[in-house]
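Visitor: One structure, as structure tokens, below. Some questions next.
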Amino acid sequence: MRITELKLKNFRNYEDLELHPDPGVNLFFGRNGSGKTNLLEAVHYAALGRSHRISSDANVVRYGEDAALSTVGTETVLGQREITVRFHPGEAQKKEILIDGKTIRRFSDMMGCLRCVIFSPEDLGLIREGPSVRRRYLDMMISQISRKYFIALQQYRTGLDQRNAILRNLRTDPSAGKSLLGVFEEAMAEPAAEIIRERRRIVSHLSEIARDTYLRISGTEEQLRIAYHSSVKEEDNLPESFCRLLQENREDDIRLGMTSVGPHRDDLILTLDRNPMKQFSSQGQVRTAALSMKLSQMKILKDDSGEEPVLLLDDVMSELDRKRRASLISEILSFQTFITCADREDVDCEKVSRMWQVSAENGSASLLPVTP
Ligand SMILES: Nc1ncnc2c1ncn2[C@@H]1O[C@H](COP(=O)(O)OP(=O)(O)OP(=O)(O)O)[C@@H](O)[C@H]1O
Ligand SMILES: [Mg+2]
């Protein structure tokens, strides 16, 4: 799988861009604030319909403009395709997704058309921050593999919002439709079971791949382990166990005004030589573990479809020592990769197929091709 073309219109600081990347390693270097991350964000936007940054969609629209557009031309074993994501805050349907020029009705139909993984310095949060970051990582990965999972996530969230709304009402008015809780719990049960099943399956696979990747990149004997911890413990009948758990927690949930158990509260636990990484690991160990998780994600996506996903590496080279940098480059050579860095010397130019200098003038970014 590769990107043959990228076209942007009023996306962040890109007014109008057309780019033809190489199937190998593409390097973008330039000053801070020039538009390097914006470029990778645009690829992610076209692949997954959302930014990798935790920011509102409205922020991707270039200052003073009405709409932002990111289009990628892709080439896969199934042929060529063009995917466009257009965000227009002023229209009733704010986000429009087109595949080969035709608007698709369901967001889930775009999943898997362009598979990509982004790794950036913020990904250290995968280990250091709270569970929501790790759930997001899992959800992004599994949604690209399984449309059923993506749909289950949407259904679960809808049910959860409705159950939470009732819980909030019950806090102020105890007579307000308590029986409805059961209705929403039942509606959430199958999607919840699908989410937990898929997460368990993928995480056991992930843990093995990430352990090996960690050993290779670090050159140590340290054992990385990743385990999925769910609040729904029983294996046998997941939908039933889920409903039971929610029923048991009803009184607490009414007091809290929200649903305190379920897959939306689950977590990944990372250990290095059996010690929880969040509390005990060094900065370098955390960085290597986060990188191993991302490279393992690439491998899982590849094993699923037989096609290599596209890798986006945002500003991570300067954070790695020389040995780890070299291991990383050797791990990624089979993928189409977009790398950004402030200084071109941060990446071994021998491995780079095409290179651009990113610069911004008067708030508008442009790319200048440079010979590697
Ligand atoms: N909606 C927008 N419209 C226009 N410009 C924007 C918009 N959003 C962000 N920018 C501009 O984009 C620039 C930041 O771009 P980006 O994050 O891609 O920089 P970068 O090259 O990755 O920098 P660094 O090396 O510091 O990571 C800033 O100058 C910011 O003002
Ligand atoms: Mg950046």
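The values are calculated or read from the model by the stated rules, or taken from the named source; none is laboratory data. The structure presented is a predicted model; accordingly, all values stated were derived computationally and were not measured. Please note: Cβ atoms are built from the backbone with ideal geometry, for glycine as well, and neighbour counts cover all protein chains shown. With ligands, DNA and RNA removed, areas are computed over all heavy atoms of the protein, side chains included. Shrake-Rupley method; radii C 1.70, N 1.55, O 1.52, S 1.80 Å.
Visitor: Give me a count of the residues in region 319-362 that are in a loop (DSSP other than H, G, I, E, B), more than 16 Å from ligand 2 (Cβ to nearest atom) and touching a residue at least 40 places away in the same chain (Cβ under 8 Å).
Guide: Number satisfying all stated conditions: 4.
Visitor: Let me ask you something else. Condition (residue is within 15 Å of ligand 1 (Cβ to nearest atom) and either buried (at least 21 other Cβ atoms within 10 Å of the Cβ) or among the charged types (D, E, K, R) (or both)) applied to region 291-298: is it met by at least one residue?
Guide: No, every residue in region 291-298 fails to be within 15 Å of ligand 1 (Cβ to nearest atom) and either buried (at least 21 other Cβ atoms within 10 Å of the Cβ) or among the charged types (D, E, K, R) (or both).
Visitor: Right, next: Open to solvent by 20 Å² or more (accessible area, probe 1.4 Å), touching a Phe, Trp or Tyr at 6+ places or on another chain (Cβ under 8 Å) and over 17 Å from residue 52 (Cα atoms) - does that describe any residue in region 116-130?
Guide: Scanning region 116-130, I find no residue that is open to solvent by 20 Å² or more (accessible area, probe 1.4 Å), touching a Phe, Trp or Tyr at 6+ places or on another chain (Cβ under 8 Å) and over 17 Å from residue 52 (Cα atoms), so the answer is no.
Visitor: What strands (runs of 3 or more DSSP E) completely inside region 204-314 contain at least 3 residues that are among the aliphatic types (A, V, I, L, M) and over 27 Å from residue 113 (Cα atoms)?
Guide: In region 204-314, 224-229, 267-272 are the strands (runs of 3 or more DSSP E) which contain 3 or more residues that are among the aliphatic types (A, V, I, L, M) and over 27 Å from residue 113 (Cα atoms).
Visitor: Can you tell which of 364, 282 is small (Gly, Ala, Ser), open to solvent by 20 Å² or more (accessible area, probe 1.4 Å) and in contact with a strand residue (DSSP E or B) (Cβ under 6 Å, 6 or more places away or on another chain)?
Guide: That would be 364, the only listed residue that is small (Gly, Ala, Ser), open to solvent by 20 Å² or more (accessible area, probe 1.4 Å) and in contact with a strand residue (DSSP E or B) (Cβ under 6 Å, 6 or more places away or on another chain).
Visitor: Identify, from the list 327, 334, 353, 318, the residue that is away from ligand 1 (no atom under 16 Å from the Cβ) and over 27 Å from residue 75 (Cα atoms).
Guide: 327
Visitor: How many residues are closer than 19 Å to residue 74 by Cα, part of a helix (DSSP H, G or I) and out of contact with any helix residue (DSSP H, G or I) (no Cβ under 7 Å at 6 or more places or on another chain) if we restrict to region 88-143?
Guide: So the answer is 3.
Rundown of residues vs (1) modelled with pLDDT of 95 or more; (2) of a type in the set (D, E, K, R), yes/no style:
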site: 254; (1), (2): no, no
site: 268; (1), (2): yes, no
site: 302; (1), (2): no, yes
site: 305; (1), (2): no, no
site: 311; (1), (2): yes, no
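Visitor: Here's a follow-up. For region 15-43, name all the residues that are surrounded by fewer than 19 Cβ atoms within 10 Å (Cβ to Cβ), closer than 30 Å to residue 304 by Cα and either among the charged types (D, E, K, R) or without any contact (Cβ under 8 Å) to a residue 40 or more places away in the chain (or both).
Guide: Selection gives 20, 22.
Visitor: Follow-up. Would you check if there is a residue in region 5-14 being closer than 25 Å to residue 297 by Cα and either touching a residue at least 12 places away in the same chain (Cβ under 8 Å) or within 16 Å of ligand 2 (Cβ to nearest atom) (or both)?
Guide: Yes - at least one qualifying residue is present in region 5-14.
Visitor: Hey, among the residues in region 53-65 that are part of a loop (DSSP other than H, G, I, E, B) and within 12 Å of ligand 1 (Cβ to nearest atom), which one's surrounded by the fewest Cβ atoms within 10 Å (Cβ to Cβ)?
Guide: Ranking the qualifying residues of region 53-65, first place goes to 64.
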